[in-house]
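*Asks:* To start, I am sharing the structure in question, which I have written as C-alpha cells.
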Amino acid sequence: MDGMMAQSERQTWADASAAPAVARLTLTDFRSYAALDLETEGALMVLSGPNGAGKTNLLEALSYLVPGRGLRGARLGDVARRESGDAPETPARSWAVAARVATDGHEVRLGTGLDLGDDGRERRIVRIDGETASNQASLGAHLAMVWLTPQMDGLFAASGGDRRRFLDRLVFAGDAAHAGRVTAYDNAARERLKLLSGERAPDAHWLAALEATMAEKGIAVAAARLALVEALAALAAEGAGPFPGAHLTLAGEVEGWLAVGPALEAEERLKAALAQSRGEDAQARRTTRGAQRSDLLVRHLPKNRPAADCSTGEQKALLIGIVLAHAGLRARERGAVPLLLLDEVAAHLDADRREALFGRIVEMGAQAWLTGTDATLFQPLAGHARFGHVADGCITSEGHRP
C-alpha cells in the first residue's frame, strides 16, 4: 500500500504522534451484547459477520465514548439490551460502555452508561478514571471520533440538518466545548418555542433571556463551524488519490454576518432577528432564524457538479475524501488523528478505492474500526489489522488475516 502515498503525504502522517486508540472495550447490556470484554492492544480493527450480527451495535457503543447521542442518535433507553420476550413497554435496564484508551502518551479509563434513578428517570452518567464527571462534554477532552455509516451515503441529498450534524461531529473532534454550545443553543431554542406556543402570553424577560442565550451560543456555534470549513477547504479540494477533491462552503444568514463584522455585532443582529420573528415562529412552530438554518454545501470539483447530483459511488467517495482531509487537518493541527468508525465502508467502493482508503488509514496511523459482511474485501489490511468475526453478540478473533 505504500506505493499509493506521495512522499509529502507520508511525511505529514509521520510527523503525527500516536493517535488515540481504544486498547480495551467492555460492554454490559448494550444492544445485542449482554457482556463483552474485548482486548484490542490499540490495533486497527476489522469486524466481519452477517447482517444483524451486532457489528454496528459495537460501533455505536464506541460512539458513546465521546459527547453526543451516538452514531444512531438514539434515546438512552433504546440502546439497552432487551430480552426476546420483553414487551415494548418494559422499562429499560441500565447499560454501560467502558474503555481503556491510550491517548497523548498515557492511558485513561472512560466509562458511560444509563443510570435509572429511584424516580425512574433515565440519566447518562460519565466516569473518567473512576471519578464521576459533571457532564458528557468531559469525554471530548480525552477522545475524538468521526464515523461513517451506510445511512450517511445520501448525506448530500439529505436535509440540511443531517449535514449540520455531520459538520458538528467534525468540529467536536477538535473542539470538545462545541458540543456544550450546540446543546445549550438547542435547549434554549426548544424552551423559547414552548413559551411562544403556550396559551398564555410568555414572560417577556424570560423570552429575552432565552434569545440572548441563543444569540451568544448560536454565533459561537456558527463561528466554530465556519472556522473548520475554512481550514478544511484547502485540504478537501486537493482530494486523496481516487477520492475526488471537494469544494466546501458554509451557507447561512449568521455566517454572512460573521463575514462582514465582529462576533459581538453578529450576536446583536441575531438577538434582534429572534425578537422580530416571534410571531412567525409561534405560527410556524419552528425557529426561522439562527444557527440551525446553516448548511454545508459540497461540490465535486473535477466535475464542477453539486454533490447531490453525483452518483451514489461518487457521493460516497466525496464523503470519504472529506473525512480523510479532516484527519489530515487534525494531524497537522494537533499531532494526532481522531478514531475512525467506518461501518460497511467497503460497500459501493471499487477495488482501487478500497485499497487507497486502507492505505491512507494505515499511513496516518489512525485506529479505525471497520465493519463489513465480507471479510475478503479487507484483504489489503492483512498484517496491518486485527480481524474478528461477529455473531450472536460474540466476537471470535481471526488474528491478523481474514
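*Asks:* Scanning region 327-337 for residues that are touching a Pro at 6+ places or on another chain (Cβ under 9 Å) and assigned to a helix (DSSP H, G or I), which turns out farthest from Ala53 (Cα to Cα)?
*Replies:* Restricting attention to region 327-337, the residues satisfying the condition of being touching a Pro at 6+ places or on another chain (Cβ under 9 Å) are 327, 330, 336-337.
Those still in the list that are assigned to a helix (DSSP H, G or I) too: 327, 330.
Numbers: Ala327: 29, Arg330: 33 Å.
Per the stated criteria, the residue is Arg330.
*Asks:* Return the total of residues in region 225-261 being farther than 25 Å from Ala177 by Cα and assigned to a strand (DSSP E or B).
*Replies:* Number of matching residues: 4.
*Asks:* Sort out which residues of region 120-156 are more than 14 Å from the chain's Cα centre (by Cα) and part of a loop (DSSP other than H, G, I, E, B), and write them in order of number.
*Replies:* Of everything in region 120-156, those that are more than 14 Å from the chain's Cα centre (by Cα) and part of a loop (DSSP other than H, G, I, E, B) turn out to be Gly120, Arg121, Asp129, Gly130, Ala133, Ser134, Asn135, His142.
*Asks:* May I pose another question? Quick check: anything in region 290-310 surrounded by fewer than 16 Cβ atoms within 10 Å (Cβ to Cβ), hydroxyl-bearing (Ser, Thr, Tyr), under 26 Å from the mean Cα position of the chain (by Cα) and not in a helix (DSSP H, G or I)?
*Replies:* Looking for residues that are surrounded by fewer than 16 Cβ atoms within 10 Å (Cβ to Cβ), hydroxyl-bearing (Ser, Thr, Tyr), under 26 Å from the mean Cα position of the chain (by Cα) and not in a helix (DSSP H, G or I), one finds none in region 290-310, hence no.
*Asks:* Taking region 150-174 as the region of interest, how many residues are more than 14 Å from Ser294 (Cβ to Cβ) and surrounded by fewer than 18 Cβ atoms within 10 Å (Cβ to Cβ)?
*Replies:* 5
*Asks:* Within region 327-341, which residues are surrounded by 22 or more Cβ atoms within 10 Å (Cβ to Cβ) and of a type in the set (A, V, I, L, M)?
*Replies:* Ala327, Ala331, Val337, Leu339, Leu340, Leu341
*Asks:* Next question, about the same structure. Checking Phe387 against (1) more than 21 Å from the chain's Cα centre (by Cα); (2) in a helix (DSSP H, G or I); (3) touching a residue at least 40 places away in the same chain (Cβ under 8 Å), which single condition isn't satisfied?
*Replies:* Of everything listed in (1) more than 21 Å from the chain's Cα centre (by Cα); (2) in a helix (DSSP H, G or I); (3) touching a residue at least 40 places away in the same chain (Cβ under 8 Å), Phe387 misses just condition (2).
Yes/no matrix, rows are residues, columns are (1) crowded, with 20+ Cβ neighbours inside 10 Å; (2) at pLDDT 95 or above; (3) more than 27 Å from Leu301 (Cβ to Cβ):
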position: Ala177; (1), (2), (3): no, no, yes
position: Ala189; (1), (2), (3): yes, yes, yes
position: Trp206; (1), (2), (3): no, yes, yes
position: Ala209; (1), (2), (3): no, yes, yes
position: Ala227; (1), (2), (3): no, yes, no
position: Ala236; (1), (2), (3): yes, yes, no
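*Asks:* Let me ask another. From the list Ala184, Ala223, Ala215, which one is under 27 Å from Leu139 (Cα atoms), surrounded by fewer than 22 Cβ atoms within 10 Å (Cβ to Cβ) and in contact with a Leu (Cβ under 9 Å, 6 or more places away or on another chain)?
*Replies:* After applying the criteria, what remains is Ala223.
*Asks:* How many residues are in a helix (DSSP H, G or I) and within 16 Å of Leu47 (Cα to Cα) when one looks only at region 355-368? Walk me through how you get there before you give the answer.
*Replies:* Taking region 355-368 and keeping what is in a helix (DSSP H, G or I), we get 355-364.
Now drop any that are not within 16 Å of Leu47 (Cα to Cα), which leaves 358, 361.
Adding up the residues that qualify gives 2.
*Asks:* Restricting to region 68-96, name every residue that is crowded, with 20+ Cβ neighbours inside 10 Å and modelled with pLDDT under 90.
*Replies:* Within region 68-96, Gly68 is the sole residue that qualifies.
*Asks:* Here is a further query. Go through (1) touching a residue at least 60 places away in the same chain (Cβ under 8 Å); (2) not in a helix (DSSP H, G or I) one by one and return the number of the condition Asp175 breaks.
*Replies:* (1)
*Asks:* A follow-up question, please. Residues Leu270, Leu264, Leu340: which one is in contact with a helix residue (DSSP H, G or I) (Cβ under 9 Å, 6 or more places away or on another chain), in a strand (DSSP E or B) and either of a type in the set (A, V, I, L, M) or farther than 20 Å from Val182 by Cβ (or both)? First the steps, then the outcome.
*Replies:* Details: Leu270 fails: in a strand (DSSP E or B); Leu264 fails: in a strand (DSSP E or B).
Every option except Leu340 fails the conditions.
*Asks:* Kindly indicate whether Leu324 is in a helix (DSSP H, G or I) and crowded, with 23+ Cβ neighbours inside 10 Å.
*Replies:* yes
*Asks:* Which residues, taken from region 21-59, are among the polar types (S, T, N, Q) and touching a helix residue (DSSP H, G or I) at 6+ places or on another chain (Cβ under 6 Å)?
*Replies:* Ser32, Ser48
*Asks:* Then there's this: Given the criterion in contact (Cβ under 8 Å) with a residue 60 or more places away in the chain and at positive phi, identify the matching residue among Gly241, Gly245. Outline the logic, then answer.
*Replies:* Details: Gly245 fails: at positive phi.
Selected residue: Gly241, the only one of Gly241, Gly245 that is in contact (Cβ under 8 Å) with a residue 60 or more places away in the chain and at positive phi.
*Asks:* When residues of region 97-123 are filtered for being polar (S, T, N, Q) and modelled with pLDDT under 95, how many remain?
*Replies:* Final tally of qualifying residues: 1.
*Asks:* Working only within region 72-81, note down all residues that are under 20 Å from Arg127 (Cα atoms) and touching a strand residue (DSSP E or B) at 6+ places or on another chain (Cβ under 7 Å).
*Replies:* Within region 72-81, Leu76, Gly77, Val79, Ala80 qualify.
*Asks:* Quick check on Ala234: is it over 20 Å from Gln276 (Cα atoms) and without any contact (Cβ under 8 Å) to a residue 12 or more places away in the chain?
*Replies:* On the way: over 20 Å from Gln276 (Cα atoms): yes; without any contact (Cβ under 8 Å) to a residue 12 or more places away in the chain: yes.
Answer is yes for this residue.
*Asks:* Glu122 passes all but one of (1) on the phi < 0 side of the Ramachandran plot; (2) buried (at least 22 other Cβ atoms within 10 Å of the Cβ); (3) touching a residue at least 40 places away in the same chain (Cβ under 8 Å); which number fails?
*Replies:* (2)
The values are calculated or read from the model by the stated rules, or taken from the named source; none is laboratory data. Given the structure is predicted, the values throughout are model-derived calculations rather than measurements. Reconstructed Cβ throughout: ideal geometry from the backbone, glycine too, with neighbour counts over all protein chains shown.
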